[in-house]
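In what follows, a structure is listed as structure tokens, so that the remarks can point back to it.
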Amino acid sequence: MGILANKVSLCQFQVMGDIPEGDLFEWSSESLAKNGFTPIDNRAEESSVGWVHLDDMDRSSFDTPRVFWRDKCTVFSLRRDVRKIPSVLFKSELERASREFLAANPTLRRVPKGEKESLREAVRSSLYSKTLPSPATYDVVWDRNRGIVTFSSLSPRAIDTLEALFKETFEGLRLVMIHPFKRAEGVIDEASLPLLAKANGSSADDVISLIKGNLWLGRDFLLWLMYKTMTDSSFYKVNQPGHFMEGEEYVAYLNDRLILKGESEIGVQKITVAGPQDNFEEVRTAVKNGKAISEAAIIFEKEEDQWSLTLKGDLFHFASFKSPAVRIEKDELTDAESEKEAVFYERIYLVEKGLQLFNSLYSVFLRLRLSSQWADELKAINEWTAGGEVNPS
């Protein structure tokens, strides 16, 4: 589902590099058009990738502001069309072509290696010409003020395609995933940055190393939140910039679906716990046996509004991110284009509010996790996990 849907999967990136001086709209327009999507319906090609309009995957011209320029945001979609040929069909057609070749060359007992490759390409091209490509689109919202790109897919292939095409499209810029450690750098106060650097479990600064070396961030966060859900009031205060005012109260708690992982001699074991929980008893048992919470559903409530998401703790990707319903007041003067823009602004506004609540909750955890008080908190968590009764202060 796209960014305009009530439920969407999201990941975010920081835009790195220097944006050129001058007319930013003109530069963006030319860059996007240069890498606009080209259909392959009438061509025998396997795939095609390019940019299209956010709300119309058949249009790839970016010559007017209304189609991709929305206040502080540049918005567009990544379209990827792929032809897929069943392996059984390809094998059958290749065998048929090989038999025809040998019939036409009776002196040969088998198809020569070079000719075999030519037959493969001919068969593949023939089948491609008879197969319609399957389209897929993924939305991109680039907040130019904050330098953050929000992407509506968690597919590793789609993410790799986005990173490569973005770099090719916008010369001098590249995307860096906002993983748990990078998000931590963005939500803690400047005085705590040395503490975070000291806790960094990675020996290198590349994205993969920072993710793998700091799996403790997501896993400790979800363990702590499970404990707080069962032993505290679940009330927190906004502490990150955004649409809510600092100090406003909200509620956050784990819901009834979690995934735990553990290493063993036979590899990685995964346990899924879903449904109504009795004090998270099954999860606590798994944690006692060495499993770590790697994924969990989180609910945020602010007055009558509710946000829900499934946090993938190792990467801080947000699956099934659900915001309050968009409510747009229309009248007889509202045209279709104006309505589309109004829905976009309201949807992004709601998504940003939900992420502000998440960042505020993550900041609360980090302040505790990086402080001297964490040892006492961890002791209380372990006692509760082991089945003891804990009276929260």
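For every residue, the table says whether it meets (1) without any contact (Cβ under 8 Å) to a residue 12 or more places away in the chain; (2) part of a helix (DSSP H, G or I); (3) within 38 Å of the chain's Cα centre (by Cα); (4) farther than 30 Å from Leu154 by Cβ.
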{"residue": "Glu100", "(1), (2), (3), (4)": "yes, yes, no, yes"}
{"residue": "Ala103", "(1), (2), (3), (4)": "yes, yes, no, yes"}
{"residue": "Leu108", "(1), (2), (3), (4)": "yes, no, no, yes"}
{"residue": "Val111", "(1), (2), (3), (4)": "no, no, no, yes"}
{"residue": "Lys116", "(1), (2), (3), (4)": "no, yes, no, yes"}
{"residue": "Arg124", "(1), (2), (3), (4)": "no, yes, yes, yes"}
{"residue": "Leu127", "(1), (2), (3), (4)": "no, yes, yes, yes"}
{"residue": "Pro135", "(1), (2), (3), (4)": "no, no, yes, no"}
{"residue": "Tyr138", "(1), (2), (3), (4)": "no, no, yes, no"}
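Given the structure, is Val251 modelled with pLDDT of 90 or more and either surrounded by fewer than 16 Cβ atoms within 10 Å (Cβ to Cβ) or of a type in the set (Asp, Glu) (or both)?
yes
Take the conditions (1) crowded, with 19+ Cβ neighbours inside 10 Å; (2) within 26 Å of Arg59 (Cα to Cα); Arg183 misses just one of them, which is (2). Could you check, for the range 84-98, whether at least one of its residues is within 29 Å of the chain's Cα centre (by Cα) and of a type outside the set (D, E, K, R)? Yes, the range 84-98 contains at least one residue that is within 29 Å of the chain's Cα centre (by Cα) and of a type outside the set (D, E, K, R). With respect to (1) surrounded by 11 or more Cβ atoms within 10 Å (Cβ to Cβ); (2) of a type in the set (D, E, K, R); (3) closer than 17 Å to Asp314 by Cβ, the lone exception for Lys237 is condition (3). Criterion applied to Ser92, Ser28, Ser77 was being assigned by TED's automatic domain parsing to the domain that holds Tyr138 and part of a helix (DSSP H, G or I), and the one residue passing it is Ser28.
Can you name every residue in the range 29-66 that is among the hydroxyl-bearing types (Ser, Thr, Tyr), touching a Lys or Arg at 6+ places or on another chain (Cβ under 9 Å) and crowded, with 17+ Cβ neighbours inside 10 Å?
Residues of the range 29-66 among the hydroxyl-bearing types (Ser, Thr, Tyr): 29, 31, 38, 47-48, 60-61, 64.
So of that shortlist, the ones also touching a Lys or Arg at 6+ places or on another chain (Cβ under 9 Å) come out as 47-48, 60.
Within the range 29-66, Ser48, Ser60 meet the criteria.
Cβ separations smaller than 7 Å between residues 6+ apart or across chains give the following pairs from the range 5-34 residues that are β-branched (Val, Ile, Thr) to residues that are modelled with pLDDT under 95 and surrounded by 15 or more Cβ atoms within 10 Å (Cβ to Cβ): Val8/Gly2. Does Leu254 qualify as being assigned by TED's automatic domain parsing to the domain that holds Glu304, outside any loop (DSSP other than H, G, I, E, B) and in contact (Cβ under 8 Å) with a residue 40 or more places away in the chain? Here the answer is yes, as Leu254 does meet what is asked. Every test in (1) surrounded by 15 or more Cβ atoms within 10 Å (Cβ to Cβ); (2) over 26 Å from Met177 (Cα atoms); (3) touching a Pro at 6+ places or on another chain (Cβ under 8 Å); (4) not aliphatic (A, V, I, L, M) is passed by Gly313 save one, and that test is (2). Just one of the numbered conditions (1) at positive phi; (2) touching a Phe, Trp or Tyr at 6+ places or on another chain (Cβ under 9 Å) is not true of Phe170: (1). Here the range 113-124 is the region considered, the condition is being surrounded by 12 or more Cβ atoms within 10 Å (Cβ to Cβ) and at pLDDT 80 or above, and the residue that is nearest to Ile40 (Cα to Cα) is Arg120. Among the residues of the range 211-226, some residue qualifies, meaning at least one is basic (Lys, Arg), touching a residue at least 60 places away in the same chain (Cβ under 8 Å), in a helix (DSSP H, G or I) and more than 26 Å from Met57 (Cα to Cα).
The values are calculated or read from the model by the stated rules, or taken from the named source; none is laboratory data. Everything quoted here is computed from the prediction, not taken from an experiment. Cβ: placed from backbone, ideal geometry, glycine included. Neighbour counts: every protein chain shown.
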